[in-house]
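Structure first, commentary second.
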Amino acid sequence: MSEKDVYNEVPQIPVDSKRDHCNKTVEIYEDVSSPPVTADNFGRPLTCTYRFRAFRGSPKDWILRIRFKKFKVGTLINGTTCHKGYMQIVDGNSKTDVSNRKEPGLFCGEIEQPQTFISETNFVKIVFHADNFTDQTYFSFDSRAEQQFEVYLRYGQHPELYPNRRGEVVAGSYCERVFRDCRLQTCYVQSAAYPGVYPRNLHCRYHLNTRLPYIKLYIENEEFNIDGQRCENIMTCPMRPITSGSENCPYDYIRIYDGKDESASVIGTFCGMGKFPYSIIGTSQDLFVEFVSSPAGPLLNTGFHFNVGNWPGHVEAPGSRVGTCDWLLTAESLKKSGDTEGIFLSVAHWYPPHTSCTYLMQGFPGQVVRLYFPSFRINRIESPIVPWNGDCGESLTLYDAPRPDDARIIKTFCDTFSRPMEKHDFVSTGNAMFVRFESKTGSYSGSSLYYWAHYDFFNNTRFGEPVQGTACDEVIASWKQRAGRLRSPLNTLVYKQAPPGEDVHCLYRFVTDKRIFARVILTILSVNFKEHPYTAVSCQNCYEDRADKLIIWEPHPGGRVVNTSSGFSTTPLPLHLAVQRSLGSCLCAKHANTVSRARPYRVVSSGESLNLQLIVDNAHAAASYFKNPSPLFEARYEFVHGPLCGPAVLAAALDGEIVYPHLEALGYTEPPKRIQCIWDLEIEEKRDIWLHFDSIKFASRHCDDGNIQIYLPGRIEPYLSICGENVSLARELPILSAGELGFESLDDPLVIEKEKTRSIRIVFIGSASPARATFKIAWTGLYHLPKNSDGTLMTSRLTDGGSKSNSGQGCDFICPGDEALCIPARLICNGVVNCPNVTTTERKFWSAEDKRARESYSEDSLRRLGYLDAIGGIPFGQLHDEAPELCAGARSAIGGDWLAPALGAGLAIALAICALGAAWRLCCRKRSPDEESLDY
């Protein structure tokens with residue numbers, strides 16, 4: 001129900017029209033009009049004063065509603081001066097709490113429809129004055145009394161619950177009020193006498209406060225009627241729309257300050273008539289509003305009504321603010337707050353044109369920054385301070401840098417042509433990201449780019465060199481670090497950033513150079529894959545099944561480097577090809593209990609490179625591992641087998657030797673303090689191997705100075721370990737039978753066998769100084785004379801003509817002992833004892849036929865080779881391959897041609913002396929303290 005309807009419902013009490021029309025006390029509900037024009041008053045000055053009768057009972061609870069039905073008094077000039085007449089309304093007196101009696105201001109001009117004044121007190125005095133009273137000066141009004149709370153538009157619903165809804169009046173003032181702890185619908189900021197015509201010559205001050213920022217004046221779509229000129233008649237004075245700026249509001253206006261008083265920044269100055277188009281949001285808990293009306297003005301303007309609350313989306317970022325809206329958000333501040341993610345919001349308060357708000361997210365060294373927007377909307381600029389017709393009136397730019405750098409822009413969002421991106425991760429490459437919001441227009445109520453921004457920091461420390469263009473691939477090179485540890489990526493963002501439908505792949509490439517190291521040792525210390533949270537995934541076939549896994553393989557089998565047209569290939573083979581061509585190992589969730597620090601899984605490369613690849617099923621990578629602090633795997637690596645060790649892989653051959661140190665390396669490498677050599681001696685099928693030390697020397701009995709370990713194929717524990725304290729074991733080494741050198745990898749169930757290769761592994765760990773340990777290990781491949789299934793000699797193959805067929809098998813010379821071992825002719829009298837004298841504890845009995853066949857075969861073989869005449873009747877079973885009697889004839893046969901070999905031998909001796917001298921200088925020179933402390 002409107003105020004007019006309420007007024008019309010009040011019963012009108014008839015009054016005596018003959019009563020005096022001037023200078024009187026007005027009864028409530030009495031109609032009052034200007035005096036009639038008579039000969040006595042025409043053209044003369046006239047002043048009329050009207051007072052309203054006092055109320056009985058509780059007068060403070062009552063107010064007066066005075067309706068001006070007709071009004072034409074004086075003329076308004078420039079909105080500030082009344083010419084030839086005016087009206088004054090005095091609200092209150094010395095006895096009331098508020099009053100404007102000191103400077104009541106002047107009304108003048110003409111109204112074309114009724115206007116109402118609603119007093120703030122129960123005492124009102126009205127004064128009319130005309131310099132020249134004629135029939136062109138007139139007025140008519142009536143009045144009624146109401147209880148205060150019946151004025152609904154002024155006090156709102158349930159006014160008894162909010163006695164200070166209109167604020168607390170500052171003593172001695174008419175319209176200065178203080179509002180504390182405002183919430184929506186608890187604070188009404190209104191012009192004096194609202195919702196009626198406000199008095200003239202006002203200077204009202206309103207102190208507004210809320211408990212939380214950002215304080216907000218809810219005035220959007222509220223009626224706003226503040227002007228200083230008569231603008232009802234659009235023909236004579238067009239109605240001015242709501243405008244801002246002091247230059248546009250010379251008469252009546254409100255001015256809003258962003259703070260507690262006039263010293264704060266001015267948000268804006270407003271005037272005009274219509275619906276206010278926007279609300280205003282301050283930057284803190286306080287606003288100060290100043291309302292000014294001109295000393296003289298029309299009986300027309302009804303003022304304003306504001307509701308006060310706070311913007312509900314305020315979030316305090318865990319950082320430090322520099323200025324109004326520049327923030328430094330550090331990983332240290334976030335850590336102190338106890339949160340894992342920080343939050344900052346779009347600018348929700350007012351800001352002037354050409355505002356720039358910045359956010360610097362600064363992580364610790366080695367970290368990267370992630371920024372994403374759970375909520376993002378892009379609206380048109382709804383409450384600009386200055387208009388902008390071009391593109392990008394407001395923008396948000398993300399920089400992959402600690403400062404604005406146009407060359408490192410990640411993304412720019414614009415109010416006119418950009419799409420918002422929700423829940424998309426923007427990740428920096430370094431430990432800082434810079435965000436800048438810019439506005440050409442300014443705003444009274446926040447940004448047109450509305451967003452919640454979440455940021456966090458991730459440890460992006462790598463164990464090797466990152467591979468460009470990949471999320472987590474690394475190259476670990478021996479020339480950077482000799483040994484170290486690694487684990488699954490510390491940056492768990494990799495588990496949620498894989499392209500749709502693709503698994504997470506992290507490839508670790510271990511590479512070295514033979515001039516530095518020739519092999520890689522990789523030790524897996526733990527495997528901690530999680531079960532698939534949605535569907536059970538088996539790992540029966542580790543390589544083929546779609547399960548989280550670790551795969552270890554060599555890109556170039558056997559240590560061979562692939563030649564290309566441009567030189568050597570540095571790109572590893574694809575995983576599926578590499579596993580098909582070489583030995584690979586695969587570990588998945590079922591190996592979590594079998595691989596641990598107490599029982600690590602160890603892989604030694606056969607060449608200078610090794611690959612380790614982590615593969616995680618994309619179906620659950622983010623759900624299971626994002627922000628999971630536990631590593632999926634942990635490992636240790638070491639580059640071994642330096643140049644002093646010589647060749648790492650020794651191809652299968654009938655004989656050969658390992659010499660340590662490899663003296664050729666002494667000329668271009670300095671020995672480290674400690675060294676580890678690993679030799680793989682490849683062996684042929686169905687052949688026994690005899691290892692024997694041609695020479696061995698340890699400087700002390702301590703195994704730290706040198707320790708030689710021999711491993712059989714597929715075994716983890718050493719078959720034999722020799723050091724200074726048990727060096728006597730090196731004198732009599734057992735023959736390794738073909739059965740012991742089988743293909744089965746009994747201790748390594750993880751191996752995917754694609755190419756079957758047997759090898760004996762010989763490991764030396766100790767001091768690298770040539771003066772601390774030297775040795776030479778020779779080996780010989782031994783054949784067996786043919787035997788029947790019951791173990792007896794197959795005499796049918798040792799009869800006449802058998803030697804010819806067997807000589808191709810390498811049985812040219814039968815070794816002494818009971819095992820019937822034999823070697824080929826080229827190993828006889830070559831300067832190395834290749835025949836062991838094997839007599840087993842299990843006594844073997846040879847039949848007479850077997851002995852005759854064996855002796856016949858030996859005699860025939862030695863005759864054919866030219867050795868028979870040299871043995872001088874010595875029994876065949878007592879001769880080994882380097883017996884003086886056997887080899888004397890061979891030496892005398894070649895004795896005449898001695899000059900060239902003698903010269904070659906002399907040159908070799910000279911080179912050896914030079915090499916030993918270089919080694920002595922390198923090993924024995926005084927080391928600096930820094931070198932002594934190197935953990936090589």
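Things worth noting here:
- Of the residues making up region 367-395, those that are in a strand (DSSP E or B), in contact (Cβ under 8 Å) with a residue 60 or more places away in the chain and charged (D, E, K, R) are ARG370, ARG377.
- Identity of the residue in region 475-488, assigned to a loop (DSSP other than H, G, I, E, B) and touching a residue at least 24 places away in the same chain (Cβ under 8 Å), that ends up surrounded by the most Cβ atoms within 10 Å (Cβ to Cβ): SER488
- Qualifying residue in region 277-286 (condition: within 18 Å of LEU184 (Cα to Cα) and of a type in the set (A, V, I, L, M)): yes
- In the condition set (1) at pLDDT 95 or above; (2) closer than 28 Å to PRO629 by Cβ, SER439 is compliant with all but (2).
- Any hit, region 176-188, residues being in contact with a Ser or Thr (Cβ under 7 Å, 6 or more places away or on another chain), crowded, with 17+ Cβ neighbours inside 10 Å and of a type in the set (D, E, K, R): no
- Being part of a strand (DSSP E or B), more than 60 Å from the chain's Cα centre (by Cα), crowded, with 20+ Cβ neighbours inside 10 Å and not polar (S, T, N, Q) is a description that does not apply to PHE133.
- PHE291 being crowded, with 20+ Cβ neighbours inside 10 Å and out of contact with any Lys or Arg (no Cβ under 9 Å at 6 or more places or on another chain): no
Quick grid of which residues meet (1) at pLDDT 90 or above; (2) under 34 Å from the mean Cα position of the chain (by Cα):
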| position | (1), (2) |
| --- | --- |
| PHE568 | no, no |
| PRO574 | no, yes |
| ALA635 | yes, yes |
| GLU638 | yes, yes |
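- In region 63-97, the residues that are open to solvent by less than 10 Å² (accessible area, probe 1.4 Å), closer than 20 Å to GLY172 by Cα and in a loop (DSSP other than H, G, I, E, B): GLY92
- Selection status of GLU110, within 25 Å of ARG177 (Cα to Cα) and in the same structural domain as ASN41 (by the TED database): no
- Residues located in region 716-737, provided they are crowded, with 17+ Cβ neighbours inside 10 Å and either assigned to a loop (DSSP other than H, G, I, E, B) or in contact (Cβ under 8 Å) with a residue 24 or more places away in the chain (or both): ILE722, CYS723, GLY724, VAL727, ALA730, LEU733, ILE735, LEU736
- Flag if VAL347 is out of contact with any Leu (no Cβ under 8 Å at 6 or more places or on another chain) and either at pLDDT below 95 or part of a strand (DSSP E or B) (or both): yes
- Residue within region 48-62 that is β-branched (Val, Ile, Thr), in a strand (DSSP E or B), open to solvent by 10 Å² or more (accessible area, probe 1.4 Å) and over 19 Å from ASP227 (Cβ atoms) present: yes
- Test: ASP860 is more than 29 Å from LEU650 (Cα to Cα), outside any loop (DSSP other than H, G, I, E, B) and either at pLDDT 80 or above or charged (D, E, K, R) (or both): yes
- THR38 meets the conditions (1) surrounded by fewer than 13 Cβ atoms within 10 Å (Cβ to Cβ); (2) at pLDDT below 90 in every case but one. The failed one is (2).
- Residues that are assigned to a strand (DSSP E or B) and not polar (S, T, N, Q) do occur in region 641-654.
- Restricting attention to region 318-350 and to residues that are in contact (Cβ under 8 Å) with a residue 60 or more places away in the chain and either of a type in the set (Lys, Arg) or open to solvent by 20 Å² or more (accessible area, probe 1.4 Å) (or both), the residue that is farthest from LEU449 (Cα to Cα) turns out to be THR340.
- Residues of region 358-396 satisfying the condition of being among the β-branched types (Val, Ile, Thr) and open to solvent by 10 Å² or more (accessible area, probe 1.4 Å): THR358, ILE378, ILE381, ILE385, VAL386
- Residue check for ASN209: touching a residue at least 12 places away in the same chain (Cβ under 8 Å), outside any loop (DSSP other than H, G, I, E, B) and within 14 Å of MET273 (Cβ to Cβ): no
- For region 546-566, the tally of residues that are open to solvent by 40 Å² or more (accessible area, probe 1.4 Å) and at pLDDT 85 or above stands at 1.
- Hits in region 244-272 - residues which are farther than 17 Å from TYR218 by Cα and not small (Gly, Ala, Ser): GLU247, ASN248, CYS249, PRO250, TYR251, ASP252, TYR253, LYS260, ASP261, GLU262, VAL266
- Whichever residue in region 609-637 is open to solvent by 10 Å² or more (accessible area, probe 1.4 Å) and either among the hydrophobic types (A, V, I, L, M, F, W, C) or outside the structural domain of LYS530 (by the TED database) (or both) and, among such residues, is nearest to GLN481 (Cα to Cα): ILE615
- Residues located in region 598-608, provided they are part of a strand (DSSP E or B) and either crowded, with 22+ Cβ neighbours inside 10 Å or not charged (D, E, K, R) (or both): TYR601, VAL603, VAL604
- In region 273-288 there is at least one residue matching the filter, namely being in contact with a Leu (Cβ under 9 Å, 6 or more places away or on another chain), among the polar types (S, T, N, Q) and touching a residue at least 12 places away in the same chain (Cβ under 8 Å).
So that you can scan it fast, the table gives a plain yes or no per residue for (1) β-branched (Val, Ile, Thr); (2) free of Cβ contacts under 8 Å to residues at least 24 places away in the same chain; (3) in a strand (DSSP E or B):
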{"site": "GLU502", "(1), (2), (3)": "no, no, no"}
{"site": "ARG509", "(1), (2), (3)": "no, no, yes"}
{"site": "ASP513", "(1), (2), (3)": "no, no, no"}
{"site": "PHE517", "(1), (2), (3)": "no, no, no"}
{"site": "GLU531", "(1), (2), (3)": "no, no, no"}
{"site": "GLN540", "(1), (2), (3)": "no, yes, no"}
{"site": "ARG546", "(1), (2), (3)": "no, no, no"}
{"site": "LEU550", "(1), (2), (3)": "no, no, yes"}
{"site": "PRO555", "(1), (2), (3)": "no, no, no"}
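- For region 207-217, the criterion of being within 30 Å of ILE126 (Cβ to Cβ), assigned by the TED database to the domain that holds LEU287 and open to solvent by less than 40 Å² (accessible area, probe 1.4 Å) is met by none of the residues.
- Among residues of region 156-173, those that are in a helix (DSSP H, G or I) and touching a residue at least 24 places away in the same chain (Cβ under 8 Å), counted: 0
- Screening the candidates ALA518, ALA477, ALA483 for the property of being touching a Cys at 6+ places or on another chain (Cβ under 9 Å) and among the hydrophobic types (A, V, I, L, M, F, W, C) yields one hit, ALA518.
- Taken over region 619-654, the criterion of being in contact with a helix residue (DSSP H, G or I) (Cβ under 9 Å, 6 or more places away or on another chain) and polar (S, T, N, Q) is satisfied by SER624, ASN628.
The values are calculated or read from the model by the stated rules, or taken from the named source; none is laboratory data. Source: prediction; values computed, not measured. Heads up, the Cβs are rebuilt from the backbone with ideal geometry, glycines too, and the neighbour counts pull from every protein chain shown. Just so you know, the surface numbers come from the protein's heavy atoms only, side chains and all, with ligands and any DNA or RNA stripped out. Shrake-Rupley method; radii C 1.70, N 1.55, O 1.52, S 1.80 Å.
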